1. As an exercise, use a Förster radius of 35 Å and the Cβ-Cβ distance of Ala342 and Leu452 to find the FRET efficiency, rounded to the nearest 0.05.
2. Using the alpha-carbon centroid of each, what span in Å lies between region 388-463 and region 15-31?
3. When Arg196, Arg127 are ordered from fewest to most other Cβ atoms inside 10 Å of their Cβ, what list results?
4. Which entry in (i) 1.06; (ii) 0.95; (iii) 1.24 matches Rg/Rh (Cα atoms, Kirkwood Rh) derived from the coordinates of this structure?
5. Per DSSP H run of n ≥ 4, the term is -39500 (n - 2.57); total these for the chain, divide by its residue number, and report the mean residue ellipticity at 222 nm rounded to 500 deg cm²/dmol.
6. Let me check I've understood the local charge: for Glu432, count other residues with C-beta under 12 angstrom from its C-beta, Lys and Arg +1, Asp and Glu -1. What total comes out?
7. Ranked by Cβ crowding within 10 angstrom, fewest neighbours first, how are Cys63, Cys226 ordered?
8. Relative to the longest principal axis of the chain, what angle (0 to 90°, nearest 10) does the C-alpha long axis of helix 201-214 take?
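Bear in mind these aren't lab numbers, they're just calculated from the coordinates by the rules spelled out. Just so it is clear, the structure is predicted and the values come from calculations on it, not from any experiment. Cβ sites come from the backbone with ideal geometry, for glycine too, and all protein chains shown count toward neighbours.
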Amino acid sequence: MNAMPFIEQLRHWAHTRADHDAVFVGEKRLSYADLAAGMGGASGPRFALIEEENGADLAQAFCAGLVDHGIVGVLDTHWPGRVRDSVRAAALDWARKSLASPSSSDVFLLGFSSGTSGVPKGFVRSRSSWASSLLASMAHFSLSPDDVTLAPGPGAASMNLYALAECLASGSTFIGLEHFSARAGLTAIDKHQATRLVLVPSVLGLFADAAGRVGHQALGIRSIVCAGSALPPQTLAAARQWAPNARIEQYYGAAELGFVAANVLAPAPPGQILVHSVTQGQSESEDAGVGLPFDGVEVAILDATGEQLPCGQPGSIFVRSPYVCDAYAWGDDALAFTRVPAGNGESDWCTVRDQGFLDAHGQLHVLGRESDMVLVAGNNVYPQEIESVLAEGAQSGSVIVTGTKDDRRGQKLVVGLDAHDPRFASVLSSGEVPQALRTQATLLPFTHRPALYFALTELPYTDSGKLSRALLAAWIEDGDGRALQLR
């Protein structure tokens, strides 16, 4: 295969709808003809390491780098300088060793894990993995040439690079933000008449809350594709108010695994909220997990010995699919992406060591990353379970749970409360834990009850917009002023 499938499709659209908007970021617009003209040509394998701020130039460089046998890597310009320097050196060293190898002929992307701590890992993706994925996701999300997709996150993030590729493969329009803010996002939605959003739950919450404050409604949004972490019920409710005509399409996946499982929540009839493409008759108020396995994906829950676990019993989530990455280029510590040979000529089982279980309906439920698990007096506690009880039952605002060191119990559970959430408006002035949370915590087993609560003057986001439990733990252990202990 000489080029990525979306590059061939891009050239097709450049001939059939040359002046149609392909990419719009800030004030810079690129038509399909512009993108195709800027790609040029090349012969033989080569590696392009892209270091561009969010903008149309990043999209142009990404497409140009993939022509013929091109391989690209996109550095996040928001990483600290020392992190970028380390990743750049590792990427160039990998390229020198790999380009001469025949095994690199199907490689197109050198991706990077989050850069919030240590040197991000590099992972390798094949053209065939995205070729299969693009066909499946465009059908699943019903993407059409008339769609206008806003992906407000960092252009270097895998989720947003993939959204760009989906748009170019389908002949639709990709919108990005030069500088992120909820106001800029709402403005872009109106200016470009966006029909589709691709974003993480925390950003969806920011958009919906900002829209609520100014009375903004996004009636033209038909689809909201949400991934990266659990979708809190209060965010879902706010999004329903803001974009009442949108199906909210939640999926679970990972940069290394691609799509794994998905739910499609259709717009609700008046006074009713229903879940579609889940179990017939199941209401949204029930815990539907993250959905059924994505088309072409097999999911199994395995224990530490590799034995498959029965329904309802938690263990490591393993997948077998055509969408997974090839391997790590560097940084493989056997603690994240892992392949386990299946034998009998079958495809490998792969995992990033997320924990979860399958219910009797085949729905996948995700408990969290194994590395997020908190060990309290010998008991395994998954923060997402605690967050669910505290946030849903108490109808409270944003909460994030993590573990910090404890001399007696090994670790203790701590809770961060978003001090800017109106539902926690009193925490900074009173310095006290809301009584509703204290009451709700009594529903948890003793070992699962939080020891301390903190008001957060800002939320601990990764560069890609995900809430980071590890970063919150570091703030608390370091006495960072962004986490203020409550009584």
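1. Details: r = 44 Å, r/R0 = 1.26.
Once rounded, the FRET efficiency stands at 0.20.
2. So the separation of the two Cα centres works out to 45 Å.
3. Listed from fewest to most nearby Cβ atoms, that is Arg127, Arg196.
4. It is the value labelled (ii).
5. -8000 deg cm²/dmol
6. Numbers: positive: Arg438, Arg487; negative: none.
Overall, the nearby charge balance is +2.
7. By the 10 Å Cβ count, ascending, the order reads Cys226, Cys63.
8. On a 0 to 90 degree scale, this one is about 80.
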